[in-house]
Amino acid sequence: MSRSAYDFGYSWFISYGLLVPFALAVLVGGVAVWRGWPRWLTVLAALVAVWAAAGVFVVNVVWGINRPLTLPTERFLASGSGRVLDAGAGSGRAAVGILLARPKATVMGLDIYRGYWGIDDNTPERFMHNARAAGAGDRAEARTGDMRELPFADGSFDAVVSAYALDHLRREGQAKALREAARVLKPKGELLLLIPNVDLLAWVFSPHAIAHHPRHDRAQWQALIEQHGFAVREVGTKPATLYLLATKS
């Protein structure tokens with residue numbers, strides 16, 4: 001299915017907000033040339049326009065915010081099959097990425113589906129629309145629930161993923177969510193955690209969407225995971241992302 005069929009629902013200002021300063025810069029630059037204003041103003045307007053256009057490119061192409069998530073490591077669910085829980089699934093960007101990369105896996109998406117977290121009209125129906133757009137609606141399910149009190153039996157899943165969701169909780173809530181993830185995982189089950197990482201690209205090109213997040217310390221996240229039932233196997237970064245892969249210990 002074409003990428004245009006996906007509807008992850010990120011707010012316009014997150015995906016395309018930098019078009020506003022781009023348009024203003026072009027307008028100011030055009031007026032400056034027409035009216036013969038100082039040359040430095042034209043140059044400044046051109047620089048702002050280039051920066052804003054580059055930011056739109058980074059958010060939508062480099063980060064691919066409106067495309068399914070690309071797995072940050074091939075070691076996650078390397079068998080290609082298994083039952084996966086997406087905790088804090090939202091509109092399904094991470095879940096769809098897993099369904100595409102692991103064609104024998106099934107994904108249960110769980111989210112509180114209330115409040116605003118950057119997605120307009122965040123609902124289980126939108127999650128399922130995107131799963132069907134990927135041709136994997138028969139391998140996906142969405143439920144309303146809290147990752148701090150998972151409505152699943154012990155040992156129900158082969159893997160748990162949480163993408164850009166766990167960091168929204170307070171530290172006590174993060175600990176509860178990790179304990180719950182360990183509980184519902186089978187022995188040696190996997191945890192893949194993705195956290196927004198305020199790297200140079202985020203600072204320069206995404207002050208409106210990414211750079212407002214707090215800086216995350218990978219050592220602190222690794223320690224937190226290991227304190228709540230996991231052994232970390234891999235830690236790394238991708239554009240705007242810190243990821244940690246762990247196994248239930």
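Tabulated values for the structure
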read-out: So Arg233, is it closer than 17 Å to Ala87 by Cβ, over 16 Å from the mean Cα position of the chain (by Cα) and either surrounded by fewer than 18 Cβ atoms within 10 Å (Cβ to Cβ) or without any contact (Cβ under 8 Å) to a residue 60 or more places away in the chain (or both); value: no
read-out: Top-ranked residue in segment 181-203 [being touching a residue at least 60 places away in the same chain (Cβ under 8 Å) and not in a strand (DSSP E or B); ranked as surrounded by the most Cβ atoms within 10 Å (Cβ to Cβ)]; value: Ala181
read-out: Every pair of residues 6+ apart whose Cβ atoms lie under 9 Å, when the first sits in segment 204-222 and is closer than 16 Å to Leu245 by Cβ while the second is open to solvent by 60 Å² or more (accessible area, probe 1.4 Å) and modelled with pLDDT of 75 or more; value: Arg218/Thr237
read-out: Tally, over segment 142-180, of residues that are touching a helix residue (DSSP H, G or I) at 6+ places or on another chain (Cβ under 8 Å), in a strand (DSSP E or B) and not hydrophobic (A, V, I, L, M, F, W, C); value: 4
read-out: Conditions (1) farther than 17 Å from Phe127 by Cβ; (2) outside any helix (DSSP H, G or I): number failed by Gly29; value: (2)
read-out: Some residue of segment 133-142 being open to solvent by 20 Å² or more (accessible area, probe 1.4 Å) and under 16 Å from the mean Cα position of the chain (by Cα); value: no
read-out: Tally, over segment 203-249, of residues that are at positive phi and either of a type in the set (A, V, I, L, M, F, W, C) or at pLDDT below 90 (or both); value: 1
read-out: Residues within segment 96-111 that are closer than 19 Å to Val184 by Cβ, without any contact (Cβ under 8 Å) to a residue 60 or more places away in the chain and open to solvent by less than 40 Å² (accessible area, probe 1.4 Å), tallied; value: 7
read-out: Criterion: open to solvent by 20 Å² or more (accessible area, probe 1.4 Å) and either of a type in the set (D, E, K, R) or at pLDDT 95 or above (or both) - qualifying residue of Ala54, Ala25; value: Ala54
read-out: Members of segment 12-51 that are of a type outside the set (Val, Ile, Thr) and in contact (Cβ under 8 Å) with a residue 40 or more places away in the chain; value: Phe13, Ser15, Tyr16, Gly17, Leu18, Trp51
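The values are calculated or read from the model by the stated rules, or taken from the named source; none is laboratory data. Predicted model, so just to flag it, every value in this text is computed and none were measured. Heads up, the Cβs are rebuilt from the backbone with ideal geometry, glycines too, and the neighbour counts pull from every protein chain shown. Protein only, heavy atoms only, side chains kept; ligands, DNA and RNA dropped before computing areas. Shrake-Rupley method; radii C 1.70, N 1.55, O 1.52, S 1.80 Å.
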